[in-house]
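Presented below is the structure to which this report refers.
The values are calculated or read from the model by the stated rules, or taken from the named source; none is laboratory data. Here the structure is a predicted model, which means the values were calculated and not measured. Note that we place each Cβ from the backbone using ideal geometry, even for glycine, and neighbour counts take in every protein chain shown.
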Amino acid sequence: MLANDRIDLTVEPGEIHALLGENGAGKSTLMNVLYGLLQPDAGEIVIDGRPVVCHGPSDAIAAGIGMVHQHFMLVPVFTVTENVMLGAEQTRAGPLGTLDRRRARQRVVEVSREYGLAMDPDAIVEDLPVGVQQRVEIVKALNREVDLLILDEPTAVLTPQETDDLLAVMRTLQAAGKSIVFITHKLREVKAIADRITVIRAGRTVATTGPDTSEDELAARMVGRSVNLTVDKHPARPGEPVLEVSGLAVHDERGHRAVDGVDLTVAAGEVLGIAGVQGNGQTELVEAVMGLRPVSAGSVALLGKPLAGLRTRQIMRRHVGYIPEDRSVDGLVQEFTVAENLVLNMYDTAPFGTRFRLHREAIAASAAERVGRYDVRTPSPQAAVGTLSGGNQQKVIVARELTRPLALLVAAQPTRGLDVGSIEFIHRQILHERDRGTAVLLASSELDEVLSLADRVAVMYRGRILAVVPPDTPREEVGLLMAGVAPGAEPVERT
Amino acid sequence: MTSAVTAPAAVVEPVRFWSRERKVGLGLMVAGGLAAAGFGALAGDRPASFTLAESTSGAAVSIDGPLGAVLFGLLGALAGGLLWAPGGRRWFGWLLAAGIVTIVISFLCWQLSDANSNVMPLGQVAQGSMRFALPLIFGGLAGVLGERSGVINIAIEGQFITGAFAAAMVATLLASVWAGIVAAAVGGLVIAALLAVLAIRYLVDQIVVGVVLIVFALGLTGFLFEQLMRSEPSLYNQPDRVPTWDIPGLADLPLLGPVLFRTNVFVYLALAMVVAVHFGLFHTRWGLRTRSVGEHPTAADTVGVRVLGLRYRNVLVGGLLAGIGGATFTLEATTNFGKGMTAGLGFIALAAMIFGRWSPIGVLLAALFFGFARALAFFLGTIGSPIPSQFLNMLPYLATIAAVAGLVGRSRAPAADGKPYIKG
Amino acid sequence: MTGDPGPTRAAATGPGAATGPGAGTGPGAGTGPAAPPPPGRWSARFLQHLWSANAVTVTVLAIALALLVGAVLIVVSDAEVRASYGYLFARPGDALSASWERVSDAYATLFRGAIVDPAAVSRAVQGDGTWAAVFRPISETLTSAAPLVFTGLAFALAFRGGLFNIGVQGQAILGAVGAGLAGFLLPLPVVLHLVVALLGGALAGAAWGFVPGYLKARTGAHEVITTIMLNSVAAIFIGWVLLQSWAEDPDRQDPISRAAEESARLPRVLGWLESGLRVHLGILLAVAAVAGVAWLLNRSTLGFELRAVGLNPDAARAAGMSVTGTYVLVMVIAGGLAGLGGATIVLGTAYALTSLVVGSVGFDGILVGLLGRAKPWGVLAAALLFGALQAGGRAMQTGSGISLELVQVIQALIVIFVAAPAVVKATFRLREVRTGGLSGVAARGW
């Protein structure tokens, strides 16, 4: 699959250039090539009129390119100064290579003062809030003479206040003559700071415009025009509420509120789709419902009875099905056979087994039947599931969950990385399940998928549900919501 | 850059009633109380005396047996109580240490007042602690060098025995203890080289490699001992002992004198290495890069640090140190090699590294602590104490278990410890 | 754990381009897929498969390589052979023939001590000797193998569950103590006494396995450290037991316990042939244990959970399994198996406790478990191999004067070569084939 398909990008000196696109559009790949972490198959990179080839980060650094990664390359237990000087340490004279911490510290103070990046050079990085950690990364890049600074989704983990601070820093850098490329999916920031905007979709450049383009236009470019997907969909006949989530708050590993007060209801026979860019709390929401993550506040109830605090096994035994986000990590044991994976959460119940023994014949028979019914392409149900293609692996998970009686199906990114045929198949299965009266909670960063399957669409941004809209809402409107533009918001002030 | 918006809600760690300080504090209070009551009641009539020299005569500090037991037991309980006070958390380390020390003194008051001799020569015990601690210091440092770079070295025991064997053999063949020490370093180096190659290049699991190398080293040295040394000990297995250097004047200082100034090259070497490794790790470029490789090798790689090369070098240097630690067995503690003579001390060295939180000074302190336990057990044996020495001998191991179970503070290995680095 | 790391997850969202730092294939991953076998003759294809790097071939060649290194050690450590090398260039034939003689004598004795002595067979056939003498080597092999099966299973089972049970040694010691104490402290009738003694050994070992399992589940304390520490504690503990009045043998000065009563001892299987044949019921129990563990792993629900947790704890958790609960259960069972290993030694051959009664059965068991690729029947085969090496080694020690430690060296080398198959492959230039190997549990840290 081509991640980048003949992309052209030009950045002028002293320009802030935004690279706008959805997940998987190819933005990060492009930047990784620029920084020497990936090698291009075709095309060239020209810096200041000279062609440049980067075999690794050191080459890029030598060419004056600095990068601030989305996942920081900082040693958590080191101080700010130590992180900044790693690899280019200031040392005292002599054979021992004694560190000159004073000079290094001085340099950190100088650079941070020059660009308005306030930070404590002696603080330990892992104790710092994420916004400050990012500043450390920036100072680290600026510490080596850098003309072009790449920021990969810099505001993905920042609060609104920290974002404002960062935008101010970018202005300062620009005033100092640096060029900046920053990758994002957030329209407000793009309009607030960028001098030029390149929109990338599906690996291609689709537009290069200025900041006075309307948000609607930008969103449309980003997600594409409305496409009529013909999916045979009977009208929904929603029944009683099955899943009721009220005031839910869930923390992530770093202690931030990933889910920040969410209310939602899914009724029997209805698909509630949660749309949104990855990283806005959908993962944590789904995990909390399934008992894989503790609930910090609020309640989750299934058919009136509380679900929060129950263990995952108990939740599943209450007829809740789960299609996890990452099939190879959470969904399947790659070395187990297809048959074994098909009973991964039911192996100790009839007919597959008792509390002590497995009934292998029953497992095998059921596997053969399900493999046939769900058209899983495998040499045999006894083959290791890791040998199957992605689409067939996902079909195994679907076959596993949908062949037991369900009150609620929770599906997260159910067709990520799959071919068209498998996608279609799984979509049909989900709708079939809905028609049988099961409530379906679908979380997906694929907008098409949500719009075509859901009966109601809840858009999630920064841990909150911004709005619940019908699925025939124009794409551009939904795109705006996904990018954080609440309906009826004020026009953006240019900083 | 003032802001009207408040900072994001800080993470509120749920305040548990039974925090670590409270649990340990309660333990100390109970132990202290029991010590005061129990040891006090059991103590005999004689006063407990502590001299600072190597001998039992001379100036001594004495305290009445029962009084001492009760007093120090109560002090231990007090330390435990203070852990419950607000602010106890900050002084956790000191209070825990104080609690342990006072309860130990209470215990000694009991023992001394009721045994064959009521005098405890602290200088002698200190000297003994240092001597028992010697191999632990070398082994612990070896472990630190490896693990700070991200390579687990379980095979310290194997490096000890190889070093001990090489030292004995070469020192006998060449009639020189110095040659023996060099040979010991080489012996440790060989095992370390095997560890490095198998773990770093062939990506075999480091723990498995360590265990297998121990078996290999024990087998190899045992075999060569039987085949060569047993039949011709004078040719292969009669090294001299390293000379004891006595610095007049300083050697008579109370307590520290005998330990530091009437001793042998190994002690000086060990202390020098502690300083050197500490300085190196925390004040040189090599140290910064080593630590980065052990914590976040990818980040180090992206700034140009040679991850694999650094790992190789550090593991090999660690092997040198551990080998020298092995030499202490045959050139200092005794003067001939015996099969399996390391008797699991390599594992105590591992424990010292973990208990010492992967820092050279921590290793030194932990090694001295474990050495003290050994020396104390030995001393109690000489005064005819009824306490079985075995329980004191178990102390290093139980302490380490407590440490990794989180009782003595977060025991955190370097983050990338044990994970092979695969370059993209 | 082998030289072949498993597939790593792609970093970027767009596949096709190369992956970033931290991912990718490691060294030693092989030189490419196997060439397809040439069409035609069956024997050609068989040879082709034989000479490719599959598990059996690698193991056999690893053994050969280890024996070769052992041969070098034999040569080096023999004074006379060394002397003949002194004038190697003058009379090379001397040195080479001396080496060959020494090595072949040693290994022949090894074979005769482990498997069978052809001379004894011909003597028995002719009526000059006893049949017992024919079976003695096999008897010794099986006697040595029995405890190794148990400790090997203990390590292997925990390994499949994702845990490094280095504590097999300590658990075996506790098992020996438990069985020994039950053996001479409890006055019980014949069959019951043996059963209770074995049970005592198993329970003691299980308790010693429970502690690290529980600590890992509750505090996350890494089982490698806790089990290693408990090994040492166990060694000290048995020393203490031996000095207690209720345990020590009143007739002996050295630290040794009373002997287990007759009623608690494992009966000799071939005792009817000749009382000197030491093979005892333990080997049959061991085989039963292998079958039991195989059943547990493959046919029971606990085994299913164990394997899932060992291969992918995240997926196991997402499927509703209790990962920490499984860890505790696995360590308890593994400890029990190791305890049986210790019990087998005490009740089958040693009868009385000494501080070294279990020898190095724990660490040898780890090697056996690794060599057996952590599979029950593989463990049995590996234990038999090691048992043979030890029995043969004993014969080699008395017959050829080669000390028993050589066997330890050979055992360790076999495992090193098997665990780093790249070394063997390079040495013998084997064709690369996708091997099962010891994969399933990637290299982990603390």
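Among the criteria (1) modelled with pLDDT of 95 or more; (2) crowded, with 24+ Cβ neighbours inside 10 Å; (3) not hydroxyl-bearing (Ser, Thr, Tyr), the one residue B:320 does not fulfil is (2).
Taking segment C:374-425 as the range and being hydroxyl-bearing (Ser, Thr, Tyr) and assigned to a helix (DSSP H, G or I) as the test, the residues that pass are C:398, C:400. Confirm whether residue C:103 is touching a Pro at 6+ places or on another chain (Cβ under 6 Å) and under 18 Å from residue C:395 (Cβ atoms). So residue C:103 does not fit the description; no. Each residue in segment A:411-445 was checked for being touching a strand residue (DSSP E or B) at 6+ places or on another chain (Cβ under 9 Å) and under 29 Å from residue A:158 (Cβ atoms), and 8 pass.
Scanning segment C:258-294 for residues that are in a loop (DSSP other than H, G, I, E, B) and among the charged types (D, E, K, R), which turns out nearest to the chain's Cα centre (by Cα)? Taking the candidates together, the pick is C:278. Could you list all residues from segment B:178-195 that are crowded, with 24+ Cβ neighbours inside 10 Å and of a type outside the set (A, V, I, L, M)? B:180, B:187, B:188 - these are the residues of segment B:178-195 that are crowded, with 24+ Cβ neighbours inside 10 Å and of a type outside the set (A, V, I, L, M). Is at least one residue of segment B:351-363 aromatic (Phe, Trp, Tyr), in contact (Cβ under 8 Å) with a residue 12 or more places away in the chain, away from chain C (no Cβ under 14 Å) and surrounded by 21 or more Cβ atoms within 10 Å (Cβ to Cβ)? Scanning segment B:351-363 turns up no residue that is aromatic (Phe, Trp, Tyr), in contact (Cβ under 8 Å) with a residue 12 or more places away in the chain, away from chain C (no Cβ under 14 Å) and surrounded by 21 or more Cβ atoms within 10 Å (Cβ to Cβ). Within the set B:161, B:103, the sole residue that is within 19 Å of the chain's Cα centre (by Cα) and surrounded by 24 or more Cβ atoms within 10 Å (Cβ to Cβ) turns out to be B:161. The residues of segment A:173-204 that are of a type in the set (Ser, Thr, Tyr), touching an Asp or Glu at 6+ places or on another chain (Cβ under 8 Å) and modelled with pLDDT of 85 or more amount to a single one, A:179.
Scanning segment A:362-386 for residues that are charged (D, E, K, R) and within 22 Å of residue A:405 (Cα to Cα) returns A:369, A:370, A:373, A:375. Among the residues of segment A:246-278, those identified as on the phi > 0 side of the Ramachandran plot and in a loop (DSSP other than H, G, I, E, B) are A:255, A:269, A:276. Taking the stated definitions as given, is residue C:336 within 14 Å of another protein chain (Cβ to nearest Cβ), of a type outside the set (A, V, I, L, M, F, W, C) and crowded, with 23+ Cβ neighbours inside 10 Å? In short, no. Can you tell me which residue within segment A:90-143, out of those that are of a type outside the set (A, V, I, L, M, F, W, C) and touching a Pro at 6+ places or on another chain (Cβ under 7 Å), is nearest to the other protein chains (Cβ to nearest Cβ)? Of everything passing the filter in segment A:90-143, A:126 is nearest to the other protein chains (Cβ to nearest Cβ). Scanning segment B:280-299 for residues that are buried (at least 24 other Cβ atoms within 10 Å of the Cβ) and more than 7 Å from chain A (Cβ to nearest Cβ) yields a count of 4. Out of the residues in segment A:32-81 that are free of Cβ contacts under 8 Å to residues at least 12 places away in the same chain and surrounded by 19 or more Cβ atoms within 10 Å (Cβ to Cβ), which is farthest from residue A:130 (Cα to Cα)? Going through the qualifying residues, I end up with A:38. Condition first: more than 9 Å from chain B (Cβ to nearest Cβ), in contact (Cβ under 8 Å) with a residue 40 or more places away in the chain and among the small types (Gly, Ala, Ser). Now tell me which residues in segment C:397-430 satisfy that. Across segment C:397-430, the qualifying residues are C:399, C:400. Scan segment B:383-398 for residues that are more than 9 Å from chain C (Cβ to nearest Cβ) and touching a residue at least 40 places away in the same chain (Cβ under 8 Å) and the total you get is 4.
Filtered by the rule that a residue be surrounded by fewer than 21 Cβ atoms within 10 Å (Cβ to Cβ) and either within 14 Å of chain C (Cβ to nearest Cβ) or of a type in the set (Phe, Trp, Tyr) (or both), segment B:324-340 gives B:338, B:339, B:340.
Checked against (1) within 13 Å of another protein chain (Cβ to nearest Cβ); (2) out of contact with any Phe, Trp or Tyr (no Cβ under 7 Å at 6 or more places or on another chain); (3) surrounded by 18 or more Cβ atoms within 10 Å (Cβ to Cβ); (4) over 30 Å from residue A:125 (Cα atoms), residue A:257 passes all but condition (4). The set of residues in segment A:341-356 being within 7 Å of chain C (Cβ to nearest Cβ) and out of contact with any Lys or Arg (no Cβ under 7 Å at 6 or more places or on another chain) consists of A:345, A:347, A:353, A:355, A:356. Residues in segment A:337-388 that are hydroxyl-bearing (Ser, Thr, Tyr), over 22 Å from residue A:429 (Cβ atoms) and assigned to a loop (DSSP other than H, G, I, E, B): A:347, A:349, A:354, A:380. Evaluate the following for residue B:192: is it aliphatic (A, V, I, L, M) and within 26 Å of residue B:376 (Cα to Cα)? No, not satisfied. The single condition among (1) surrounded by 24 or more Cβ atoms within 10 Å (Cβ to Cβ); (2) among the aliphatic types (A, V, I, L, M); (3) away from chain A (no Cβ under 14 Å); (4) in a helix (DSSP H, G or I) that residue C:315 does not meet is (3). How many of the residues making up segment B:275-303 are over 14 Å from residue A:84 (Cβ atoms) and of a type in the set (Gly, Ala, Ser)? Residues that pass the stated criteria total 4. If we keep just the residues of segment C:127-169 that are assigned to a loop (DSSP other than H, G, I, E, B) and farther than 27 Å from residue C:310 by Cα, which is nearest to the chain's Cα centre (by Cα)? Among those that are assigned to a loop (DSSP other than H, G, I, E, B) and farther than 27 Å from residue C:310 by Cα, it is C:130. Among the residues making up segment A:389-409, those that are aliphatic (A, V, I, L, M) and part of a helix (DSSP H, G or I) are A:396, A:397, A:398, A:399, A:402. For segment A:263-280, the set of residues classified as within 23 Å of residue A:477 (Cβ to Cβ), out of contact with any helix residue (DSSP H, G or I) (no Cβ under 6 Å at 6 or more places or on another chain) and more than 14 Å from every other protein chain (Cβ to nearest Cβ) consists of A:263, A:264, A:265, A:266, A:270, A:272, A:280, listed by residue number. What are the residues in segment B:206-251 that are in contact (Cβ under 8 Å) with a residue 12 or more places away in the chain and charged (D, E, K, R), if any? Once the filter is applied, which keeps residues that are in contact (Cβ under 8 Å) with a residue 12 or more places away in the chain and charged (D, E, K, R), segment B:206-251 yields B:226, B:240, B:241, B:246.
In the set C:356, C:297, which member is in a helix (DSSP H, G or I) and either on the phi < 0 side of the Ramachandran plot or within 18 Å of the chain's Cα centre (by Cα) (or both)?
That would be C:297, the only listed residue that is in a helix (DSSP H, G or I) and either on the phi < 0 side of the Ramachandran plot or within 18 Å of the chain's Cα centre (by Cα) (or both).
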